[in-house]
Amino acid sequence: MNSLMMKQPLLVSSILEHAQRHHGEQEVVSCRTEGDIHRYSFRELAVRARKMAQALARLGADPGTRVGTLAWNGYRHLELYYAASGSGAVLHTLNPRLHPDQLEWIVSDAEDQVIFFDLTFLPLIQELAPRLPQVRHFVLMSDSSHLPDAPGGILAYEDLIDNESGDYQWPLFDEDTPSSLCYTSGTTGNPKGVLYSHRSTVLHSMAVGLPDSMGVSARDSVMPVVPMFHVNAWGLPYTACMVGAKIVFPGAALDGQSLYDLVEAEQVTISASVPTVWQGQLQYTESRGLRFTSLERAVIGGAACPPAMLRQLEETYGVTVIHGWGMTETSPFGTASVLKGRHLGADDEERYAKQDKQGRCVFGIDLKIVDDGGNEIAWDGASSGHLMVRGHWVLSHYFHKEDQDPLVDGWFPTGDIATIDSDGFMQITDRSKDVIKSGGEWISSIDLENIAMSHPDVALAACVGVFHPKWDERPLLVAVREPGATVSAAEVLASFDGQVAKWWVPDDVVFVDSIPLGSTGKIVKAPLREQFRDHLIAAPAPSQTLI
Ligand code: ADP
């Protein structure tokens, strides 16, 4: 027996159609690479996206064609999100912070045939173009007045739009058709492609908007600071259109002052980015004694939110922190640290203890933790194990590796180590490759970094396991001081007193001018492990006695 309900495929284009019909007046505000601020309505967005879909067809981007973008967060990038996927092509966002060799590898693996790029990346495109013979068209996301004089067959985005009528119907097709492609950042080995479907994207976008996720509504002004090339800006470009929220795109200016000014000018209510970018913003507001007049929620994810940052945002700025966890393989939204009703009466410490965690699942995603033998571990908030995930927006295979099954009994092994408590709140204790193994016992590098960063004179900290003749590995803290601070290693180590077991306390603290950040703004530990591998043998000054 069949049900008697309408069958409408979950297509990315349907999000834009809804935005146009029901929120046509809503605004998209963008800081452009041309140097000015651009604003228009969802209605205009929809017209231009249809024109771009026509232009893509004219460029030969048939269904399934991979359309690459090398661009900041802005309205033209948003148009491409809908034009490429909506017309049946596959949007492939490229991370411009990657090394050109890596970009070349990714573009070739994805078989991109058209690449759209922002003005900023013209030199990069000019360097890469000769190495990308399969790319048939390069399109500068600006008008022809910004086209370089040099020959090279680069097209101008605005010319493509101007040539089209906008008289275009979004095609209907199977919701399992691919809509976009993102690559993992490949900290180990080559990056791997994750090919999202229209269905997974629509369901993920709905989940992102839920009250127990980022809680986005038509009353919000949303600023995705997280780049549109970092796992589709965590779904916000879709979710905002789905719910009719104003969208504010910061473009290339991600410094503290630019972000602060934009939040205030556009009365942003919710903003999302990785901790290192939030830190830049807070350093700016702190140094000038500024306050946010509209910001209500700060979504922090991609790496652990330091507890000190959470408290600062909540107590000094009155901003609610939504700490989230996810990965490219999970579209990326997995969990959010939004409280349950029974935590509302809790005192600050109890509440923060929950919010410090990476959070709990909404419907559509499921988690479990297992031991080395694959046996499920109890949800007691203390026992840690390998985090496994499954759900409607979790990958089944990597792109171009369809013959390999990455799942274990239908679950995706995340490579993260975590605990889950009786309320279902998951806490990442480490990535399995970052966990410090001292004398066979595990030490959480994230816990140690969080404690170090609660010291007012520590701006950034990374804890790595380095070689120790007796214990195999011991924690070493690599730290950057706040500007002008003179804090000593002993003073930083004193902040661990009573906070963790004695044998967890780092053996030493090394101060550096900067800590390497990867292409998505997260700390990269491999070079630190390499640089300081023999630190404890070279300078055996263990500040702590092991017990
Ligand atoms: P990459 O693997 O290149 O960093 P992703 O952006 O997919 O790419 O990163 C996913 C990983 O980031 C997760 O597996 C986890 O280790 C880490 N991560 C994401 N969010 C958090 C968080 N809130 N706390 C701790 N780690 C996080």
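The values are calculated or read from the model by the stated rules, or taken from the named source; none is laboratory data. Keep in mind the model is a prediction, meaning the values are calculated, not measured. Methodologically, a virtual Cβ is constructed for each residue, glycine included, from the backbone with ideal geometry; neighbour enumeration extends over all protein chains shown.
When the residues of segment 86-129 are narrowed to those that are assigned to a helix (DSSP H, G or I), in contact (Cβ under 8 Å) with a residue 40 or more places away in the chain and within 20 Å of the chain's Cα centre (by Cα), which ends up surrounded by the fewest Cβ atoms within 10 Å (Cβ to Cβ)? Give the derivation first.
Let us first name the residues in segment 86-129 that are assigned to a helix (DSSP H, G or I), namely 86, 100-110, 119-129.
Now restrict to residues that are in contact (Cβ under 8 Å) with a residue 40 or more places away in the chain: 86, 102, 105-106, 109-110, 119-121, 124-125.
Imposing the further condition that a residue be within 20 Å of the chain's Cα centre (by Cα) reduces the set to 102, 106.
On the way: 102: 18, 106: 22.
Looking at the filtered set, the residue picked out is 102.
Considering each of 57, 83 in turn, give the residue that is among the small types (Gly, Ala, Ser), out of contact with any helix residue (DSSP H, G or I) (no Cβ under 8 Å at 6 or more places or on another chain) and in a helix (DSSP H, G or I). Break it down into steps so the answer makes sense when it comes.
On the way: 83 fails: out of contact with any helix residue (DSSP H, G or I) (no Cβ under 8 Å at 6 or more places or on another chain).
It is 57.
For segment 225-330, which strands (runs of 3 or more DSSP E) that fit wholly inside it have 3 or more residues that are within 16 Å of the ligand (Cβ to nearest atom) and in contact with a His (Cβ under 7 Å, 6 or more places away or on another chain)?
Numbers: elements: 246-249, 270-273, 297-300, 320-326.
Where strands (runs of 3 or more DSSP E) fall fully within segment 225-330, none carries at least 3 residues being within 16 Å of the ligand (Cβ to nearest atom) and in contact with a His (Cβ under 7 Å, 6 or more places away or on another chain).
So in segment 166-195, with the set limited to residues that are polar (S, T, N, Q) and at pLDDT below 95, which one is surrounded by the fewest Cβ atoms within 10 Å (Cβ to Cβ)? Let's see the steps before the verdict.
If we filter segment 166-195 for residues that are polar (S, T, N, Q), which is where we start, we get 169, 177, 179-180, 184-185, 187-188, 190.
From the residues that got through so far, the ones that are at pLDDT below 95 too are 184-185, 187-188, 190.
On the way: 184: 17, 185: 20, 187: 14, 188: 9, 190: 12.
Selected residue: 188.
Which number in (1) farther than 29 Å from residue 402 by Cβ; (2) touching a residue at least 60 places away in the same chain (Cβ under 8 Å); (3) buried (at least 19 other Cβ atoms within 10 Å of the Cβ) marks the one condition that residue 34 misses?
(3)
Please go through segment 189-224 and pick out each residue that is outside any helix (DSSP H, G or I), within 15 Å of the ligand (Cβ to nearest atom) and within 18 Å of the chain's Cα centre (by Cα). Lay out the reasoning, then the answer.
Keep residues of segment 189-224 that are outside any helix (DSSP H, G or I), which gives 189-197, 210-224.
Retained after the next criterion (residues that are within 15 Å of the ligand (Cβ to nearest atom)): 189-196, 213-214, 224.
Selection gives 191, 192, 193, 194, 195, 196, 213, 214, 224.
The rows are residues; the columns are (1) in contact with a strand residue (DSSP E or B) (Cβ under 9 Å, 6 or more places away or on another chain); (2) loosely packed, with under 14 Cβ neighbours inside 10 Å; (3) of a type in the set (D, E, K, R).
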| position | (1), (2), (3) |
| --- | --- |
| 448 | yes, no, no |
| 455 | yes, no, no |
| 461 | yes, no, no |
| 483 | yes, yes, no |
| 522 | no, no, yes |
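Take segment 72-85 and flag every residue that is surrounded by 23 or more Cβ atoms within 10 Å (Cβ to Cβ) and either in contact with a Leu (Cβ under 8 Å, 6 or more places away or on another chain) or of a type in the set (Asp, Glu) (or both).
78, 79, 80, 81, 82, 83, 84, 85
Given the residues 313, 236, 262, which is the only one that is outside the structural domain of residue 199 (by TED's automatic domain parsing), of a type in the set (A, V, I, L, M, F, W, C) and more than 25 Å from residue 76 (Cα to Cα)?
Just a single option satisfies the conditions, and that option is 313.
Please determine, by comparing only the residues of segment 201-212 that are surrounded by 22 or more Cβ atoms within 10 Å (Cβ to Cβ) and touching a strand residue (DSSP E or B) at 6+ places or on another chain (Cβ under 8 Å), which one is farthest from residue 340 (Cα to Cα).
201
If I filter segment 404-411 for residues that are more than 15 Å from the ligand (Cβ to nearest atom), assigned to a strand (DSSP E or B), of a type outside the set (S, T, N, Q) and more than 20 Å from residue 447 (Cβ to Cβ), do I get at least one hit?
Taking segment 404-411 first, the residues more than 15 Å from the ligand (Cβ to nearest atom) are 404-405, 407-410.
Keeping just the survivors that are assigned to a strand (DSSP E or B) gives 408.
Next, only the ones that are of a type outside the set (S, T, N, Q) stay: 408.
Among the residues that remain, those that are also more than 20 Å from residue 447 (Cβ to Cβ) are: 408.
So far as segment 404-411 goes, yes, one or more of its residues are more than 15 Å from the ligand (Cβ to nearest atom), assigned to a strand (DSSP E or B), of a type outside the set (S, T, N, Q) and more than 20 Å from residue 447 (Cβ to Cβ).
Residue by residue through segment 390-406, note down the ones that are under 17 Å from residue 331 (Cα atoms) and in contact with a Lys or Arg (Cβ under 8 Å, 6 or more places away or on another chain).
Here is the first cut: in segment 390-406, the ones under 17 Å from residue 331 (Cα atoms) are 390-399, 406.
If the condition is that a residue be under 17 Å from residue 331 (Cα atoms) and in contact with a Lys or Arg (Cβ under 8 Å, 6 or more places away or on another chain), then 392, 398, 399 are the ones that fit.
From the list 422, 384, which one is over 30 Å from residue 462 (Cβ atoms), touching a residue at least 12 places away in the same chain (Cβ under 8 Å) and outside the structural domain of residue 183 (by TED's automatic domain parsing)?
Working: 384 fails: over 30 Å from residue 462 (Cβ atoms).
Criteria check complete, one pass: 422.
Do we find that residue 359 is under 26 Å from residue 520 (Cα atoms) and in contact with a Pro (Cβ under 8 Å, 6 or more places away or on another chain) in this structure? Steps first, answer last, please.
Details: under 26 Å from residue 520 (Cα atoms): yes; in contact with a Pro (Cβ under 8 Å, 6 or more places away or on another chain): no.
When the stated conditions are applied, residue 359 does not pass them.
In segment 498-526, how many are closer than 25 Å to residue 485 by Cα and in a helix (DSSP H, G or I)?
Adding up the residues that qualify gives 0.
Would you be able to tell me the number of residues in segment 476-497 that are assigned to a loop (DSSP other than H, G, I, E, B) and of a type in the set (Val, Ile, Thr)? Walk me through how you get there before you give the answer.
Step one: of segment 476-497, the residues assigned to a loop (DSSP other than H, G, I, E, B) are 482-488, 495-497.
Next, from what is left, pick out any that are of a type in the set (Val, Ile, Thr): 486-487.
Residues flagged as assigned to a loop (DSSP other than H, G, I, E, B) and of a type in the set (Val, Ile, Thr) within segment 476-497 amount to 2.
Answer yes if at least one residue in segment 301-318 is modelled with pLDDT under 95, surrounded by fewer than 23 Cβ atoms within 10 Å (Cβ to Cβ) and more than 27 Å from residue 451 (Cβ to Cβ), and no otherwise.
There is no residue in segment 301-318 that is modelled with pLDDT under 95, surrounded by fewer than 23 Cβ atoms within 10 Å (Cβ to Cβ) and more than 27 Å from residue 451 (Cβ to Cβ).
Among the small types (Gly, Ala, Ser) and either within 10 Å of the ligand (Cβ to nearest atom) or part of a strand (DSSP E or B) (or both): is that true of residue 461 in this structure? Give the derivation first.
Working: among the small types (Gly, Ala, Ser): yes; either within 10 Å of the ligand (Cβ to nearest atom) or part of a strand (DSSP E or B) (or both): yes.
So residue 461 fits the description; yes.
Given the conditions (1) away from the ligand (no atom under 16 Å from the Cβ); (2) within 30 Å of residue 94 (Cα to Cα); (3) charged (D, E, K, R), which single one is not true for residue 481?
Result: residue 481 passes all but (2).
Report yes if residue 380 is under 20 Å from the mean Cα position of the chain (by Cα), away from the ligand (no atom under 15 Å from the Cβ) and closer than 13 Å to residue 420 by Cα, otherwise no. First the steps, then the outcome.
Numbers: under 20 Å from the mean Cα position of the chain (by Cα): no; away from the ligand (no atom under 15 Å from the Cβ): yes; closer than 13 Å to residue 420 by Cα: yes.
Considered against the rule, which asks whether it is under 20 Å from the mean Cα position of the chain (by Cα), away from the ligand (no atom under 15 Å from the Cβ) and closer than 13 Å to residue 420 by Cα, residue 380 comes out as no.
In segment 331-351, which residue that is surrounded by 21 or more Cβ atoms within 10 Å (Cβ to Cβ) and not aromatic (Phe, Trp, Tyr) is nearest to the ligand (Cβ to nearest atom)? I'd like the intermediate steps shown before the answer.
Here is the first cut: in segment 331-351, the residues surrounded by 21 or more Cβ atoms within 10 Å (Cβ to Cβ) are 331-338.
Cutting the leftovers down to not aromatic (Phe, Trp, Tyr) gives us 331-332, 334-338.
Details: 331: 10, 332: 6, 334: 8, 335: 8, 336: 9, 337: 9, 338: 13 Å.
Result: 332.
Answer with yes or no whether residue 354 is within 16 Å of the ligand (Cβ to nearest atom) and in a strand (DSSP E or B).
Working: within 16 Å of the ligand (Cβ to nearest atom): yes; in a strand (DSSP E or B): no.
Here the answer is no, as residue 354 does not meet what is asked.
Can you find a residue in segment 358-374 that is within 11 Å of the ligand (Cβ to nearest atom) and either more than 22 Å from the chain's Cα centre (by Cα) or crowded, with 20+ Cβ neighbours inside 10 Å (or both)? Don't jump to the end; show me each part of the working.
To start, the set of residues in segment 358-374 that are within 11 Å of the ligand (Cβ to nearest atom) comprises 358-359.
Cutting the leftovers down to either more than 22 Å from the chain's Cα centre (by Cα) or crowded, with 20+ Cβ neighbours inside 10 Å (or both) gives us 358-359.
Yes, some residue in segment 358-374 is within 11 Å of the ligand (Cβ to nearest atom) and either more than 22 Å from the chain's Cα centre (by Cα) or crowded, with 20+ Cβ neighbours inside 10 Å (or both).
Scan segment 84-124 for residues that are touching a strand residue (DSSP E or B) at 6+ places or on another chain (Cβ under 8 Å), of a type in the set (Asp, Glu) and within 23 Å of residue 400 (Cα to Cα) and jot them down.
If the condition is that a residue be touching a strand residue (DSSP E or B) at 6+ places or on another chain (Cβ under 8 Å), of a type in the set (Asp, Glu) and within 23 Å of residue 400 (Cα to Cα), then 109, 111, 112 are the ones that fit.
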